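For reference, the structure is listed below as structure tokens.
Laboratory data are not the source of any read-out in this text; all were calculated from the coordinates shown. Keep in mind it's a predicted model, so treat the numbers as computed, not measured. Here the Cβ positions follow ideal geometry from the backbone for every residue, glycine too, while neighbour counts run over all protein chains shown.
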2 protein chains.
Amino acid sequence: MPKIDLDAIPAITTTGYPSPYDRDVRGRSWRSLNQPGGLADFVANHVTLAPGSWSAQRHWHEGEDEFLVMVSGDAVLVDDQGRTPLRPGDCAVFPKGDGNGHCIVNEGDSPAIFVVVGLPERTDCHYPDIDLRVDGPTQVYTHKDGTAY
Amino acid sequence: MPKIDLDAIPAITTTGYPSPYDRDVRGRSWRSLNQPGGLADFVANHVTLAPGSWSAQRHWHEGEDEFLVMVSGDAVLVDDQGRTPLRPGDCAVFPKGDGNGHCIVNEGDSPAIFVVVGLPERTDCHYPDIDLRVDGPTQVYTHKDGTAY
């Protein structure tokens with residue numbers, strides 16, 4: 001069945017962020033859209049942000065584009081250029097290597113839902129605001145200097 | 001600016017389909033989401049179907065997955081399994097090589113809008129209902145036996 005039964009997909013609410021960076025994403029849940037339909041060429045995730053939740057700490061990827069489609073609710077895209085409201089139907093692109101850290105924040109009173117698409121992550125991810133980094137080859141979170149948490 | 005200004009992207013309303021297969025997609029317009037934001041890892045298109053329009057002739061790709069997010073309006077997904085309503089927020093996956101021809105039809109009274117994502121098309125595309133085929137290496141439409149239109 002090409003249409004995905006979202007309710008049948010387990011929602012993931014955990015994060016690999018070390019404390020205290022995990023707090024901002026506590027209201028985030030996401031579902032992988034790859035497994036049920038056999039999607040293999042890229043990664044697609046369905047993300048729900050409870051009121052107050054962030055999609056992620058502000059970050060950018062060295063080697064993978066990200067593409068976002070806002071599905072329902074309102075949210076704010078935060079990046080180096082400031083704050084941009086996102087409404088259902090809005091699309092956004094975060095090109096690899098642009099150095100523009102971004103995240104989505106739900107400042108409203110109802111859930112904000114979006115779908116995000118990208119290639120599997122294999123490169124460093126940078127967090128301009130905090131002492132965090134993802135090491136490309138291992139995809140493990142480290143301090144900015146590469147030491148372990 | 002990561003958020004894409006859809007109104008600034010030219011809408012494409014032409015099709016490469018030979019007559020009479022072009023008629024069903026006359027109410028289709030689409031915008032490429034790659035150019036304005038610098039998206040390069042995959043192809044993303046924003047598609048609007050006027051009432052009565054089809055997204056495409058029913059088809060499947062040998063070598064590229066397709067992923068769809070319904071953004072607004074209602075539509076019907078038509079494939080080998082029958083007819084499946086699509087509403088805003090619904091997602092669908094069309095895995096490469098599955099032999100299940102699919103298309104989206106707007107049977108309603110208002111526009112139906114979706115975003116579709118895939119890798120650049122490089123393989124044969126098959127149209128089970130009509131005498132049409134896309135040749136992989138050239139991406140040219142031919143008869144099913146490979147002769148030119």
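Miscellaneous remarks
- For A:Ser53, nonlocal amide neighbours, meaning residues 5 or more places apart or on other chains whose placed amide H falls under 5 Å from its own, are A:Asn106.
- Values of log10 I(q)/I(0), in the order q = 0.18, 0.22 Å⁻¹, for chain A under a Debye, Cα-only, solvent-free model: -1.17, -1.65
- If you take the Cα centroid of the stretch A:111-139 and the Cα centroid of the stretch A:1-49, the two points sit 14 Å apart.
- Net length gained if the chain between A:Lys144 and A:Arg26 were fully extended (0.36 nm per residue, minus Cα distance): 40.2 nm
- For A:Lys144, a cut-off of 27 angstrom between C-alpha atoms picks up these lysines, skipping any fewer than 8 places away in its own chain: A:Lys96.
- When the Cα convex hull of the protein assembly as shown is projected onto planes of every orientation, the mean area is 15.8 nm².
- Taking the label point 7 Å along Cα→Cβ, B:Ala40 and its counterparts in the other copies are spaced 2.7 nm apart, in ascending order.
- Exposure proxy order (Cβ contacts within 10 Å, fewest to most) of B:Cys91, A:Cys125: A:Cys125, B:Cys91
- For B:Gly108, the distances from its label point to the matching points in the remaining copies are 1.8 nm, ordered from shortest, with each point set 7 Å beyond Cα toward Cβ.
- In nanometers and ordered shortest first, the copy-to-copy spacing of the B:Ala148 label point, defined 7 Å from Cα toward Cβ, is 6.5.
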